[in-house]
Amino acid sequence: MSKLKIFIFTTALIFCLLNQRLSFSDSHTFEETLKIIQQDIKTLEKAVYSNSSNESLNENMSTMDQGSEEVLTRHLLKLSEIEKQFQELTNKFEEINFKLDKLSNRLSKVQADNQMRFQQIESGSKENNSETKTSSLSNSNEILPGSSEPQDLGSISYKDTETKYEEQQIQSIDTTGSVVTETFALEEKILPNTNAKEQYEFATSFLKNGDYNMAERAFKEFVNSNPKHKLAGNAQYWYAETFRIRQLFTDAASAYLEGYQKYPKSDKAPINLLKLGVSLVQIGEKDQGCLMIKGVKQQYPEANQSVLQKAKYEEKKFECSKDKS
């Protein structure tokens with residue numbers, strides 16, 4: 001309560017008490033009544049001030065309690081967040097330690113493996129050196145390759161060590177030229193002793209695995225062993241493909257030419273003629289090559305559309321339409 005309210009309340013009480021005391025003026029004197037009134041006012045003031053102080057203290061205590069509770073809750077929330085972050089950091093730290101342990105184990109294994117391999121290489125090189133020394137001493141009178149006779153380095157095929165070439169001159173599609181004819185015999189047979197279909201699949205397996213040297217031998221052996229089989233034309237085409245893949249375009253042109261002459265009605269005859277023309281252009285016989293490429297549509301009008309479109313593309317690519325031939 002404010003001081004103004006206390007003052008109003010006390011004045012009202014004073015007037016009430018004066019009225020009561022004046023009514024009893026016969027038995028008491030005026031001074032006695034004033035004394036009594038003063039005592040009553042003091043007691044009232046004490047009561048009022050005590051009540052107001054108690055209320056203010058209670059209010060202050062309540063506000064202090066509410067503020068402290070809010071601060072405590074905030075601190076507790078922050079502590080919980082810090083605890084979660086700490087747990088996450090510990091988990092990441094443990095994960096990193098685990099990965100580092102794995103890496104260290106792998107590195108140790110790799111080092112041990114490399115050390116073993118280096119030891120094997122060193123031991124093998126020592127053995128090879130000793131063998132080469134003994135062989136050089138035993139063959140000291142022989143002519144070594146590269147010492148007195150020059151040799152050409154480059155891509156060679158299996159048949160390069162087995163064949164002799166006889167050059168011809170190309171004049172038309174029927175008489176192709178600048179391509180090599182060959183006659184050679186294989187020393188060892190690699191095809192299984194089964195029927196022709198299984199032998200063809202066996203030869204095709206080398207081509208699928210990327211072993212083009214063995215595929216060359218296998219397809220040539222198949223053609224020589226089964227010259228009249230229905231798969232002989234296909235085998236001759238794949239035989240030529242083994243050279244083209246290795247960029248041996250002269251050998252490829254020779255093989256394509258043989259397939260064109262021997263198997264003009266096989267399933268691979270249109271694409272064989274197209275590849276023959278492309279190979280001739282690549283070895284410098286553009287006129288004859290363009291003549292072959294143009295002849296695909298003329299000789300095989302019912303060929304697969306992909307082959308005919310490819311022939312048209314190659315004709316534009318090599319600018320065969322501009323040639324006079």
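Nothing in this text is a laboratory measurement; each read-out follows from the coordinates by a stated rule. Since the model is a prediction, treat every value here as computed from it, not as a measurement. Reconstructed Cβ throughout: ideal geometry from the backbone, glycine too, with neighbour counts over all protein chains shown.
The modelled label-to-label distance between residue 102 and residue 121, using points 7 Å beyond Cα along the C-beta direction, is 2.9 nm. How large is log10 of I(q)/I(0) for segment 223-325 at q = 0.16, 0.19 Å⁻¹ when the intensity is taken from the Debye formula with one equal scatterer per alpha-carbon? With one equal scatterer per Cα and no solvent, log10 I(q)/I(0) is -0.63, -0.88. FRET efficiency for the pair residue 195 and residue 113, taken as 1/(1 + (r/R0)^6) with r the Cβ-Cβ distance and R0 = 35 Å, rounds to 0.15.
Arrange 260, 212 by Cβ neighbour counts within 10 Å, fewest through most, would you? So the residues, fewest neighbours to most, are 212, 260. Maximal additional length on extending the residue 283-residue 95 stretch stands at 61.4 nm, based on 0.36 nm per residue less the C-alpha distance. Rounded to the nearest 20 debye, the dipole magnitude of segment 244-283 is 80 debye, with +1 charges on Lys and Arg beta carbons, -1 on Asp and Glu beta carbons, and the Cα centre as origin.
Ranked by the mean number of other Cβ atoms within 10 Å per residue, highest first, peptides 304-315, 233-244, 214-225 order as 233-244, 214-225, 304-315.
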